[in-house]
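Below is one structure, written out as C-alpha cells; the observations come after it.
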Amino acid sequence: MADKQISLPAKLINGGIAGLIGVTCVFPIDLAKTRLQNQQNGCRLYTSMSDCLIKTIRSEGYFGMYRGAAVNLTLVTPEKAIKLAANDFFRHHLSKDGKLTLLKEMLAGCGAGTCQVIVTTPMEMLKIQLQDAGRIAAQRKLMPEMVAAGTVETKSPTAMQLTRELFREKGIAGLYKGLGATLLRDVPFSIIYFPLFANLNNLGKRGVDGPAPFYVSFISGCLAGSTAAVAVNPVDVIKTRLQSLNRGSTEDTYSGVTDCIRKILRNEGPSAFLKGAYCRALVIAPLFGIAQVIYFLGVAEYLLSFLDPGNVLM
C-alpha cells in the first residue's frame with residue numbers, strides 16, 4: 001500500500017540477521033567462486049567448484065573453507081541491512097505518487113545498490129585477499145614454476161594486518177580499490193533482483209493484500225537472486241581480478257576496468273567472464289532466499305515488540 005509506514009530500524013535488523021544466517025550457510029561456495037575467478041590460463045589449480053573445495057580441505061583443513069569469513073560476517077550485517085532497507089525505503093517513497101511501476105521498482109533497486117557499495121567495496125577487498133591466499137600458497141607448492149624466483153613464502157595475513165597495510169600505503173582509497181567495478185556489479189544486480197523478486201513474490205500472494213507464504217518468498221528470492229547473479233557475473237570476474245593484490249609471476253595485472261576486459265578477452269577468451277557463475281548462483285540463491293524469509297517473517301519487528309510495541313510500525 002502507498003500509505004503503509006515502514007520501520008527503518010526493524011528493516012535494518014532484519015537485513016542484518018538475514019545476512020549473518022545466509023553467509024554462514026554459503027561461504028565455502030563463495031570461497032570457491034573467488035578462487036575459480038582468479039585462475040588464469042596456465043595457472044589452473046582447480047577444475048571445478050567441488051575440486052576446489054576438496055583440495056582446500058586437504059591442504060588447509062575444514063576451516064580453510066572459511067578464510068575471510070570473519071570479515072564477511074562482520075560487514076555483511078550493515079551491507080545486507082543497507083541493501084534491503086534502502087530498497088524498501090525507495091519503494092515506499094516512490095509509491096506515494098501512485099502505482100509502483102516497473103521503472104520505479106528498478107529505480108528503487110538502483111538506489112539500494114548504490115547505497116550498499118559504501119560497505120560492500122572494503123568488505124570484498126579484504127575478503128578476496130583472505131579467500132585467495134590459499135590458492136597462492138597452493139600454487140607455490142604445486143606449481144613452483146609459476147612463482148617468481150627468490151619469492152619467500154610468507155604466512156597468510158589477517159584482516160587487521162591487511163587493513164593496516166592498505167591504510168599505511170594508500171589511505172582510505174586502498175580499501176576502495178575496485179569501487180567502479182563494484183558499482184557496475186551491484187547496481188545492475190539490484191535493478192534486476194528487486195523488481196524480479198517482487199513480481200515473483202506477488203504471484204504467490206494470498207488474495208490482493210495478503211502476504212505470500214514464506215516458501216514463496218524463499219523460492220522467489222532464490223530464483224531472482226540466481227538470475228541476477230549470473231547476469232552480472234562478467235562484472236564480478238572483473239571486480240575480483242581488480243581487487244586481488246597477490247598474483248603468480250605469470251598472471252596478468254590490471255590498471256583498470258577497461259584494461260582488465262581487454263586482457264581477459266585477449267588471453268582467456270569470452271568464456272572467462274563466466275568463471276565462477278555456477279558457484280555465484282549457488283551462493284546468491286540461498287543467500288537471498290534466506291534473507292527474504294527472515295525479512296518477510298518480520299523477526300526484528302517481533303523482537304522489537306517486546307521493547308515497545310507502540311514504536312514498531314508494521
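The values are calculated or read from the model by the stated rules, or taken from the named source; none is laboratory data. Computed from a predicted model, the values in this text were never measured in an experiment. Cβ coordinates were reconstructed from backbone atoms using ideal geometry, including for glycine residues, and neighbour counts include every protein chain displayed. We work out accessible area using only protein heavy atoms, side chains counted, and drop any ligands, DNA or RNA first. Shrake-Rupley method; radii C 1.70, N 1.55, O 1.52, S 1.80 Å.
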Examine segment 13-25 for a residue that is open to solvent by 10 Å² or more (accessible area, probe 1.4 Å) and either at pLDDT 90 or above or more than 20 Å from the chain's Cα centre (by Cα) (or both), and state whether such a residue exists. no
Checking the condition at pLDDT below 90 and either surrounded by 21 or more Cβ atoms within 10 Å (Cβ to Cβ) or at positive phi (or both), which residue from V235, V283 passes? V283
Given the residues T258, T240, which is the only one that is open to solvent by 60 Å² or more (accessible area, probe 1.4 Å), of a type outside the set (D, E, K, R) and part of a helix (DSSP H, G or I)? T258
Checked against (1) under 23 Å from the mean Cα position of the chain (by Cα); (2) more than 23 Å from T158 (Cβ to Cβ); (3) hydrophobic (A, V, I, L, M, F, W, C), L75 satisfies every condition except (2)
Please work out which one of (1) in contact (Cβ under 8 Å) with a residue 60 or more places away in the chain; (2) exposed (fewer than 14 other Cβ atoms within 10 Å of the Cβ) is the condition T253 fails and give its number. (1)
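Name the helices (runs of 4 or more DSSP H) wholly within segment 1-107 that hold at least 2 residues that are free of Cβ contacts under 8 Å to residues at least 24 places away in the same chain?
49-60, 69-94
Take V230 and tell me if it is open to solvent by 40 Å² or more (accessible area, probe 1.4 Å), touching a residue at least 12 places away in the same chain (Cβ under 8 Å) and closer than 19 Å to L274 by Cα.
Taking the combined requirement at face value, the residue satisfies it.
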Out of L184, L166, L162, report the one residue that is under 26 Å from A291 (Cβ atoms), of a type outside the set (K, R) and either at pLDDT 90 or above or in a helix (DSSP H, G or I) (or both). L184
In segment 61-90, what residues are open to solvent by 50 Å² or more (accessible area, probe 1.4 Å) and basic (K, R)? R67
With the structure loaded, tell me whether I192 is within 23 Å of the chain's Cα centre (by Cα) and modelled with pLDDT under 85 or whether it fails that test. no
